[in-house]
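What follows is one structure encoded as structure tokens, with my remarks underneath.
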Amino acid sequence: MQQNSFFSRLPLVTKNLIIINFIIWLAELVFSKHFAGLDIHRYAALHYFESSDFNPAQLITYMFLHGNFMHLFFNMFALFMFGTTIESTLGSKRFLFYYISCGLGAAIIQEITWYFTWESTFVPLLANLNGCTFEEMRIAINQAIAMGQELPFLNSLMTIGASGSVYGILLAFGMIFPNRAIYMMFIPIPIKAKYFVIGYGLIELWSGFSANDDIAHFAHLGGMLIGLFIILYWKRKGIINGNNY
């Protein structure tokens, strides 16, 4: 008897991305429990490019790691909700390219953010610990970087998760189906997709400048920004019908 479950009917890439992310999360649990000395995040999470733990593969691998189950669940739920429609519209190969591109763009924007903000994060703390001024410590650190010396504190700058790619998918949904109604949890009023996306983008922008948390808000915006360029290009080339709603 042939079974045709709901999960089996999901588009190929969306389904496999969800499966892969859950498998990797389970693998993280197993490794953390049975191999205490092996820190997957040290090798696969995205690190600051001037830190000793950085390697280029992390620009891809970081988007398949998650900090906890809720982080994973909400990313995969959003991928399921919006990715299914976007993959059906773009096709599997183009959707996979879009997903990876948005995640890569998010990583690059996060690296740029770290480049301009790590001094304000670490230098005051280190200056206070070493009894010197901010400028003296800043010069000493930059000289150490120029000489190729290892600065372990830079390795604490890490980010993980599929959020950059997911925000790119959300952006695509808002651009391709701008007038499609979206219902937010606990809010029984439909919101047009274009306003939903704009609102999320503005919240992330505001949070990036004002929120004091460990969420990579600018990485989210990076995923949306790369997604914007790709969708605009595909619309210009006629790959996407600009009249979809």
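The values are calculated or read from the model by the stated rules, or taken from the named source; none is laboratory data. All values reported here derive from a predicted model rather than from experimental measurement. Virtual Cβ from ideal backbone geometry, glycine too; neighbours counted across all protein chains shown. All accessible areas refer to the heavy atoms of the entire protein, side chains included, with ligands and DNA or RNA removed. Shrake-Rupley method; radii C 1.70, N 1.55, O 1.52, S 1.80 Å.
Residue by residue, here is whether (1) open to solvent by less than 50 Å² (accessible area, probe 1.4 Å); (2) under 30 Å from residue 16 (Cα atoms) holds:
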residue: 73; (1), (2): no, yes
residue: 83; (1), (2): yes, yes
residue: 89; (1), (2): no, yes
residue: 98; (1), (2): yes, yes
residue: 120; (1), (2): no, no
residue: 148; (1), (2): no, no
residue: 152; (1), (2): no, no
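The residues of the stretch 44-62 that are more than 16 Å from residue 112 (Cβ to Cβ) and modelled with pLDDT of 90 or more, listed by number, are 44, 45, 53, 55, 57, 60, 61.
Of all the residues in the stretch 11-38, those that are assigned to a loop (DSSP other than H, G, I, E, B) and either open to solvent by 80 Å² or more (accessible area, probe 1.4 Å) or modelled with pLDDT of 85 or more (or both) number 4. For the stretch 21-33, the criterion of being among the aromatic types (Phe, Trp, Tyr) and within 30 Å of residue 141 (Cβ to Cβ) is met by none of the residues. Checked against (1) open to solvent by 40 Å² or more (accessible area, probe 1.4 Å); (2) at pLDDT 85 or above; (3) closer than 26 Å to residue 156 by Cβ; (4) of a type in the set (A, V, I, L, M, F, W, C), residue 216 meets all criteria but (1). Checked against (1) in contact with a Phe, Trp or Tyr (Cβ under 6 Å, 6 or more places away or on another chain); (2) over 28 Å from residue 21 (Cα atoms); (3) among the β-branched types (Val, Ile, Thr), residue 239 passes all but a single condition, namely (1). Could you tell me how many of the residues in the stretch 204-244 are farther than 22 Å from residue 96 by Cα and assigned to a loop (DSSP other than H, G, I, E, B)? Qualifying residue count, the stretch 204-244: 7. All of 150, 136 fail the test of being closer than 21 Å to residue 41 by Cβ and acidic (Asp, Glu), apart from 150. Of the residues making up the stretch 180-209, those that are surrounded by 15 or more Cβ atoms within 10 Å (Cβ to Cβ) and of a type in the set (Ser, Thr, Tyr) are 200, 207.
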